[in-house]
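In what follows, a single structure is set out as C-alpha cells and then discussed.
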Amino acid sequence: MELMSREELATLPTTTTIETAARALGLGRTRAYQLARENRFPCKVIRIGTTYRVVTADLRRLISSNDGP
C-alpha cells in the first residue's frame, strides 16, 4: 500500500472515505473499519447508515502532529 502524499491530502474534500483515511495513516482497510466500529479510529468518524466518513481536518491535524517539529 502506498501512503498518501501531502499534495493528495491537501486536495481532499471536507470528509473522505475510511479507505482514503486508512491509506493516509498507513492502515489496512479491514483494520480501519474495525477501529471505526469500535469507536477507536484515531480521528473523527461520522457514520451515515452503513457508510463511514472521516473528517479531513482531523485527519490532517493528526498527520501534522505525527510529523514532529
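The values are calculated or read from the model by the stated rules, or taken from the named source; none is laboratory data. Since this is a predicted model, take the numbers as computed values, not measurements. With ideal geometry, Cβ positions are generated from the backbone for all residues, glycine too; neighbour counts draw on all protein chains shown. Side chains included, ligands, DNA and RNA excluded: accessible areas come from the protein's heavy atoms. Shrake-Rupley method; radii C 1.70, N 1.55, O 1.52, S 1.80 Å.
Can you match Kirkwood radius over Cα pairs in Å to one of these, (i) 14.5; (ii) 12.1; (iii) 12.4, based on a calculation from the structure here?
Computed from the coordinates, Kirkwood radius over Cα pairs in Å corresponds to (ii).
Given only helices, namely DSSP H runs of n ≥ 4 each adding -39500 (n - 2.57), what is the per-residue ellipticity at 222 nm of the chain, to the nearest 500 deg cm²/dmol?
Value at 222 nm, helices only: -13500 deg cm²/dmol.
Placing unit charges on C-beta atoms (Lys and Arg positive, Asp and Glu negative, everything else neutral), compute the dipole magnitude of the chain about its Cα centre in debye, rounded to 20.
Charge dipole, the chain, about its Cα centre: 300 debye, nearest 20.
Within 10 Å, count the other beta carbons around each residue, average over each peptide in 18-31, 36-49, and list them highest first. Walk me through the intermediate numbers first.
Details: 18-31: 17.4, 36-49: 13.1.
Ranking the peptides 18-31, 36-49 by packing returns 18-31, 36-49.
Using the Cα centre of region 29-69 as the reference point, and only Cβ charges (+1 on K/R, -1 on D/E), how large is the resulting charge dipole? Debye, rounded to the nearest 20. Kindly include the intermediate steps, with their values, before the conclusion.
Details: 9 positive and 3 negative charges, 34 e Å.
Magnitude of the dipole: close to 160 debye.
Taking the Cα-to-Cβ direction at THR14 and at GLU38 and moving 7 Å from each Cα, how far apart do the two end points lie in nm?
Here the answer is 3.1 nm between the modelled labels.
Would you mind checking the tilt of helix 56-67 against the longest principal axis of the Cα atoms of the chain, expressed as 0 to 90 degrees and rounded to 10?
50 degrees
Ordered by residue, what ³J(HN,Hα) values in Hz, to whole numbers, does region 28-40 give under the Karplus form 6.51 cos²θ - 1.76 cosθ + 1.60, where θ = phi - 60° and Gly and Pro are x?
3J(HN,Hα) across region 28-40, in whole Hz: x, 4, 4, 5, 4, 5, 4, 4, 5, 4, 8, 6, 10.
Roughly how many Å is it from the Cα centre of region 43-59 to that of region 20-40, as a whole number?
11 Å
Per-residue accessible area for THR14 at 1.4 Å probe radius, Å² rounded to 10?
Number for this one is 110 Å².
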